[in-house]
Amino acid sequence: MKVLVTGVAGQLGHDVMNELNKRGLEGVGSDIAPKYSGIDDGTAVTTMKYVPIDLTDAETVEARIIYEQPDAVIHCAAWTAVDAAEDEENRAKVKGINFGGTKNVAKVCAQLDIPMMYISTDYVFDGQGTEPWKPDCTDYNPLNHYGNTKLMGERAVTGNLDKYFIVRIAWVFGVNGKNFIKTMLNVGKNHTEIRVVNDQIGTPTYTYDLARLLVDMIQTDKYGYYHATNEGGYISWYDFTKEIFKQAFELGHTEYSDERINVIPVTTAEYGASKAARPFNSRLDKSKLALCGFTPLPTWQDALSRYLKEIEI
């Protein structure tokens, strides 16, 4: 099987390419840069085939994908800087990538009659209430520009082809790129007091684990909407921070001890500083995975443990 993966300079695309290689499947990576520009960690993705594609250029998208003749496309590429997406000078670019780029890929997949997997987000919902969002829920109401463009991307997929997977994820972390864990570890080194919001609730997603699931899925015809994060229960960003520091301390990093760092829970309103409105309820119902025969992801606590060892803090 040959799979074209977009966004390989990001956290998820990087791990999907490595997972394809691990399975003996052919992966072709793509991104906007002339050559692979993700982390040079010596893993398979750094030497696998790479083709530069500007997703906003419909002619280029069509020509490159048709030339490669993949059996499927896993579309990881997206503008994900949520606050920067609110800036007036970025809004058209965000829409061009998340909606226009997705539509361009979807049209070529339809032309080739191959499945497309689109990575989406809980931000397509309004983040209210306390009930977990079900994958087939249609109560869409994005709070910010990023969420709105990702919903437009979902509709571009469903409006152009029948063979699709839409997989919504949340709170992503991986080795390739910036994420909440890396930020907290850096902040913790230089501060003895940290304020973290405790009224936004969800579950983290380790891209290494998610990549395994996505490659499982793309080899089937069990199309439709899915939600995928690690198991282990719903938590706040405050809870996540406490566990990050706890596990880092247990690995011998005494600078993250409770005695040295005071993590203070605050509300989103008290924290401020965010240009984009954030959902309070990022709980995603993942039960459909097991119902459709897919193996759920490990717990986020276990994922965090493996990740901290992987990045060698």
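The values are calculated or read from the model by the stated rules, or taken from the named source; none is laboratory data. The structure presented is a predicted model; accordingly, all values stated were derived computationally and were not measured. Heads up, the Cβs are rebuilt from the backbone with ideal geometry, glycines too, and the neighbour counts pull from every protein chain shown. Accessible surface areas use protein heavy atoms only, side chains included; no ligands, DNA or RNA. Shrake-Rupley method; radii C 1.70, N 1.55, O 1.52, S 1.80 Å.
Odds and ends about this structure:
- Three-way shape label, segment 47-168, alpha-carbon gyration tensor, a/c 1.5: oblate
- Loop-located trypsin sites (Lys or Arg not before Pro) across segment 273-311 with a Cβ neighbour count of 15 or fewer within 10 Å are 275, with loop assigned by DSSP.
- Only Lys, Arg, Asp and Glu carry charge here, each on its Cβ (+1 for the first two, -1 for the last two); on that basis the chain has a dipole of about 260 debye about its Cα centre.
- Angle between the chain longest axis and helix 145-158 axis [Cα atoms, degrees, rounded to 10]: 30 degrees
- A simple rule links phi to the HN-Hα coupling: the Karplus curve 6.51 cos²θ - 1.76 cosθ + 1.60 with θ = phi - 60°, which for segment 127-139 gives x, 9, x, 10, 7, x, 6, 8, x, 9, 5, 10, 7 Hz, with x for Gly and Pro.
- Fraction of accessible area attributable to carbon and sulfur, the chain (%, probe 1.4 Å): 49 percent
- Computed from backbone phi, the HN-Hα couplings of segment 40-57 come to 8, 9, x, 7, 4, 4, 6, 10, 6, 4, 9, 10, x, 9, 8, 4, 7, 9 Hz, rounded to whole numbers (Karplus: 6.51 cos²θ - 1.76 cosθ + 1.60, θ = phi - 60°; Gly and Pro given as x).
- The charge dipole of segment 161-230, taken about the Cα centre with unit charges on the Cβ atoms of Lys, Arg (+1) and Asp, Glu (-1), comes to about 220 debye, rounded to the nearest 20.
- Paramagnetic label zone (point 7 Å from Cα along Cα-to-C-beta, residue 162; backbone N under 15 Å) in segment 1-23: none
- With an a/c value of 1.5 or above and a/b larger than b/c for the gyration tensor axes a ≥ b ≥ c computed over the alpha-carbon atoms, segment 113-204 is described as prolate.
- Global geometry of segment 226-299, whether rounded, prolate or oblate, following the gyration tensor of its Cα atoms and the 1.5 cut on a/c: oblate
- Probe 1.4 Å - accessible area at residue 311, Å² to nearest ten: 50 Å²
- Loop-located trypsin sites (Lys or Arg not before Pro) in segment 1-81 (DSSP state not H, G, I, E or B) with no more than 15 neighbouring Cβ atoms inside 10 Å: 23, 35, 49.
- Of all DSSP-defined beta bridges confined to the chain, some 5% are antiparallel rather than parallel.
- Available extension along the chain between residue 47 and residue 138 is 28.7 nm, counting 0.36 nm per residue and deducting the alpha carbon span.
- Zone residues, segment 294-313, relative to residue 216, backbone N less than 13 Å from point 7 Å out along Cα-to-Cβ: 294-299
- Label-point separation, residue 63 to residue 255 (7 Å along Cα→Cβ), nm: 4.9 nm
- Candidate lysines for bridging to residue 93, where Cα separation is under 23 Å - those fewer than 8 sequence places away on the same chain excluded: 35, 103, 107, 150, 178, 275
- Measuring between their Cα centroids, segment 244-313 and segment 44-66 lie 33 Å from each other.
- Under a Gaussian network description of the chain, with springs only between Cα atoms under 10 Å, the residue in 14, 145, 191 that fluctuates furthest is 191.
- Calculated FRET efficiency, residue 32 to residue 2, Cβ-Cβ distance, R0 = 22 Å: about 0.55 to the nearest 0.05.
- Only DSSP H runs of four or more residues enter the estimate; each adds -39500 (n - 2.57), and after division by the residues of the chain the mean residue ellipticity at 222 nm equals -10500 deg cm²/dmol.
- Amide H partners (placed H, <5 Å) of residue 32, local residues excluded: 53
- Principal-axis tilt of helix 300-310 within the chain, Cα atoms, nearest 10 degrees: 90 degrees
- Accessible area in the full protein assembly, largest first, 1.4 Å probe, for 282, 274: 274, 282
- Accessible surface of residue 291 - all protein chains present, 1.4 Å probe, nearest 10 Å²: 150 Å²
- Accessible surface ranking that places the most exposed of 68, 310, 231 first, with a 1.4 angstrom probe: 310, 231, 68
- With Cα atoms, 0 to 90° folded angle of helix 237-250 axis to the chain main axis: 70 degrees
- Stretching residue 276 away from residue 306 to a fully extended chain increases their span by 7.7 nm, per 0.36 nm per residue minus the current alpha-carbon distance.
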